[in-house]
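One structure below.
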Amino acid sequence: MPKLFKEKKLSGAGFRRRRADKEKAGKQMSGDLMKFLTSHKPREEDAPASETVSSVEDDQVHVAMDEQSFTSVVSDQQPVTPANLHDASAEKRQEVGDEQPASTSSYVPSPRLEKTVDTEGSSEAEMEQEEQCSTLETLDLSDPANWPTVLTPSLRDAIVRKGPTKQKANFYFPKDASNRRFTKANYKRQLPNGEETYRNWLVYSVKLDKVFCFCCKLFATKITTSLTSGGYDDWRNLSQTLHSHEMSHSHLVAVRDWNELSRRFGSGKTIDAAYQRFLTAETQHWQNVVKRLVAIVTYLGRQCLAFRGSNDTLHSENNGNFLQLVEMLATFDTVMQEHLKRIKNKEIVHHYLGKDIQNELIGLIAKEITKQIQHSLKAAKYYSIILDCTPDISHIEQMTIIV
């Protein structure tokens, strides 16, 4: 391409000055290159023991940033200067493991840290779950290893109602050190006449890899074998042990007691059957009462209505919307009518209509609403936040966040 204008010829002093600048820049570039080539590369044993190893996700993020910065440099077609070479050498030293302080602008939060924060925020929920696991409903009664040493009558009745649990058809029994294991053939017993019967009292514990006698562990008055206490895992001598155990007197007595209690449960003729029926009916009554109180609290909260009035006495003036709704519901509902009748006749002391119970129900419902909102936020890809300010009684702007 022809030149559009004639380049001005430098004078002798200007030519020497430009040549001196080029030589100076070349020396500086060669010095930086020598520093880069002779820089110290720490080995793995030189790294301090307290240095935290970055996660795989962090490494991928840093690599992506380096590739992006390198692409931008190439696309801009900047000339190679000593400063650019120095920055490139610094990035190279960072990749090979040179210890340098991380800049705050390129800090990427670790997923491990985010998980820790979530765990701390949900510590209260985990404590509540641990308390619930101690109840009878969440106790795994299918495995004898989970049964307590001392069985209460209620727990024993619950286990008898559930009955012995057998393993699934595709369950794989583990082997011990002698390459032996429990087999499902031990569930069967062959009688002298050749007939086979099923040992429904034999229970296998997955947790301990041992077998127990179901009826003896529940009804035996004294411990005769390990089948009654800690479990039996001598698979080589298991057949002989089971044969001798099922012929013992203590086992036969335990089987009789177990079958008798099971039949009584099936026909509803146990000694405490009447008390159990009363307890079941009473539990159902209180569950129905609480359901109606929760519905009242939900209605008042949704309509932004006040709960309490000038007094908290039933069938009185200005006792608040909560008690008024309870009285109105008792006009048509038999459950609430029975509840108010017990309160009037002073048959119960705790009626669940006081201000403390109202506040507790409000707190539980608010916690459940917050949990549902958090779940929706985590599930949604995008969400919006509306901010609104309103002055309070002291004329100070208060900000409310609505998600």
*Note down the accessible area of Val150, probe 1.4 Å, to the nearest 10 Å².*
120 Å²
_Under 5 Å, built H, 5+ apart or other chain: amide partners of Lys210_ = Ser205
*Enumerate the amide H contacts of Leu151 below 5 Å, restricted to partners 5 or more residues apart or on another chain; note that Pro and chain-start residues carry no placed amide H.*
none
*Under the Karplus curve 6.51 cos²θ - 1.76 cosθ + 1.60, θ = phi - 60°, whole-Hz ³J(HN,Hα) for region 157-164, x wherever Gly or Pro sits*: 5, 5, 5, 5, 4, 6, x, x
*Two-decimal Rg/Rh of region 342-403 from alpha-carbon positions, Kirkwood Rh?*
1.24
*With 10 Å bins from 0: P(r) over region 146-283, alpha-carbon pairs, percent*: 10, 38, 33, 15, 5, 0
*When N is the residue count of region 302-360, what does its C-alpha Rg come to as a fraction of 2.2 N^0.38 Å?*
1.11
*Which net charge results when you count Lys and Arg as +1 and Asp and Glu as -1 among the other residues whose beta-carbon is under 12 Å from that of Ala295?*
+2
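Net charge near Gly309: determine it from the other residues with C-beta under 13 Å of the C-beta of Gly309, scoring Lys and Arg +1 and Asp and Glu -1.
Values: positive: Arg308, Lys355; negative: Asp312, Glu317, Glu327.
After counting each charged neighbour, the total is -1.
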*Just the number, please: Stokes-Einstein D of region 234-315 in µm²/s, Kirkwood Rh from C-alpha pairs, 37 °C, 0.692 mPa s.*
176 µm²/s
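So which GluC sites (Glu not before Pro) in region 226-326 end up in coil per DSSP with only 12 or fewer other C-beta atoms within 10 Å?
Listed in order of number, the matching sites are Glu317.
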*Tabulate in residue order the Karplus-calculated ³J(HN,Hα) for region 306-311, using 6.51 cos²θ - 1.76 cosθ + 1.60 with θ = phi - 60°, rounded to whole Hz; enter x for Gly and Pro.*
6, 8, 10, x, 6, 9
*Three-way shape label, region 280-403, alpha-carbon gyration tensor, a/c 1.5*: oblate
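The values are calculated or read from the model by the stated rules, or taken from the named source; none is laboratory data. Keep in mind it's a predicted model, so treat the numbers as computed, not measured. Heads up, the Cβs are rebuilt from the backbone with ideal geometry, glycines too, and the neighbour counts pull from every protein chain shown. Surface accessibility is based on the protein's heavy atoms, side chains included, excluding ligands, DNA and RNA. Shrake-Rupley method; radii C 1.70, N 1.55, O 1.52, S 1.80 Å.
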